[in-house]
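Beneath this line is the structure, given in structure tokens, with notes to follow.
No lab work stands behind these numbers, since they all come straight from the coordinates. Just so you know, these numbers come straight off a predicted model, no measurement behind them. With ideal geometry, Cβ positions are generated from the backbone for all residues, glycine too; neighbour counts draw on all protein chains shown.
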Amino acid sequence: MNWMFLTQVGGILKPFAWIMGMILNAIYKLVAAMGIQNIALCIVVFTIVVKMITLPLTIKQQKFAKVSALMTPEIKALQEKYKNIDRSDREAMQRYTMEQQAIYQKYGSSPLGGCLPLLIMLPIIFALYRVIYAIPAYVTDVNTLYKNVATDVTAISKEIDFTEDEITKAVYEFYTAEGVTLRSAKDLDRSFTITDMIDVFSVYNTGVWEDFRSGKNLDVRDKNGFSLTMNWNMLANSDAFKKAMEKRSDDIDKILKVNGLGKYSILDAPGYHFPAILLPILAFLLQYLTGKLNTMNTKKNGKKEEEPMPGMGAMNTILPVMSGVFCIFMPIGVGIYWVVTSAVTIVQQLSINKYLERYNVEDIVAQNEAKVAEHNEKYGIYSKKEGMSAIAKSSTKSIATMDTSKISTKKSDKDSTGRRSETGRVSQEKKDELSKKAAENGGNVGIAAIANILKNDEDQ
């Protein structure tokens, strides 16, 4: 199967890319209605819009980080408490799991609380990149400009003694000699379709476009002296090709204008030339500031609430350097996206920090406790007399001082005669309690309620 780059993204990213493409297309039409037809500006607006759409996920992630600052010490204390137990002991591991869940419930969080927003954002980010790299596939007005040129080039075979395969080889020879790298391999065993031609043209920068429409003769040979641009030179010198280029000169000018950014094209690499080199430098600086904001220690009552994760210091140095270096050699359009993303992230981060300053972490925890307690009471997990707060406190705040010497490190507890002890058996009183709960609930009693009664009976 021939995978064409400008065929819209398929697979799991398809719905995300389709939505991103629709947004970009709408932005282009809106900006064009104002008399501005420029992809660079559309990328800026597009990036801001996408960052605003994903803002709720960013806020959720930041809230988790703030609450996690208080939760992490208790998790570490719990892990220290159970570090020497036999991992094959089901009873001990169940106790560990229950106490761990109590901590997460207390703070209204989960082990995946910080990763979930990021996991949701990943397909959006990947799809966004694909859309930016394949703008003619999603922006209809831009696609039309490329399609007009591609249609006339593929139609040349009808006017001269050139087969469609030879035109395909000629175009291949041209972009190979120009050092153009396509983002997907082209199958030269069959003629390029119009979509294939658009794919090729979509990576032409200003210089390559000028060489193409002027029919520049290229002399590239292999080690044996055989010409590698013979078909291209024959095509470029034909009257049919010159006529097609003259006919579509206005479309090519519009393509250059749409992709233009001053004297550069968004498809050009900045390199080390001034002022284009300012883009990689800006990408480095903004990425560095973003990393600093993400790991900046927040303080409360003069004490650090959270510490940066191990290795974050090195990452905050490596990632900005990588962004700057990659930006030198990648198309300017990608660099614009990185710079705008970092700039918007910094603004959002500062705004979110200001927003979260109005909330006391303990208040957030108290709200989470109340929600969890209400949920648990609804499903009979805890009695009304025993709130989530009391359970969480007994399970977490006293972790460091609790005696674990009595926790079994065996797979089962048996008495001296080898028979299993009576601990854990349901007494008549508990059976009556189960019957009462079943009667109150129309004959049904939840598994969670049964488990809770069994646990209470075992603790006694």
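Dipole of the stretch 139-265 (Lys/Arg Cβ +1, Asp/Glu Cβ -1, origin at the Cα centre): which of TRP209, ASN148, ALA240 lies farthest to the positive side?
Of the options given, the answer is TRP209.
Under a Cβ-only charge scheme (Lys and Arg +1, Asp and Glu -1), can you give me the dipole magnitude of the stretch 11-135 about the Cα centre, in debye to the nearest 20?
Its charge dipole is roughly 220 debye.
Please compute the length gained on full extension between SER214 and PHE226, using 0.36 nm multiplied by the number of residues separating them and subtracting their Cα-Cα distance.
1.9 nm
Would you mind calculating the gained length between ILE277 and ASN237 on full extension (0.36 nm times residue separation, minus the Cα-Cα distance), in nm to one decimal? If you can, show how the numbers build up before the last one.
On the way: separation 40, 0.36 × 40 = 14.40 nm, distance 3.75 nm.
Separation in residues times 0.36 nm, less the Cα-Cα distance, equals 10.6 nm.
Kindly state, to the nearest 0.05, the FRET efficiency for VAL203 paired with THR144, given R0 = 22 Å and r defined as their beta-carbon distance.
Once rounded, the FRET efficiency stands at 0.75.
How long is the gain from ILE53 to MET330 if the chain were fully straight, where each residue apart is worth 0.36 nm and the alpha carbon distance is subtracted?
Numbers: separation 277, 0.36 × 277 = 99.72 nm, distance 2.64 nm.
Value of the extension gain: 97.1 nm.
Starting at the first residue of the stretch 55-65, write each ³J(HN,Hα) from the Karplus equation 6.51 cos²θ - 1.76 cosθ + 1.60 with θ = phi - 60°, in whole Hz, x for Gly and Pro.
Result, rounded to whole Hz: 4, x, 5, 5, 5, 4, 5, 5, 4, 4, 4.
Apply 1/(1 + (r/R0)^6) to the Cβ-Cβ distance of LYS158 and LEU41, taking R0 = 35 Å, and write down the FRET efficiency to the nearest 0.05.
Calculated transfer efficiency: 0.35.
Considering every pair of different Cα atoms, what Kirkwood radius, in Å, is found for the stretch 11-135? Working shown, then result.
Working: mean 1/r = 0.0558 Å⁻¹.
For the stretch 11-135, inverting the mean 1/r across all distinct Cα pairs yields 17.9 Å.
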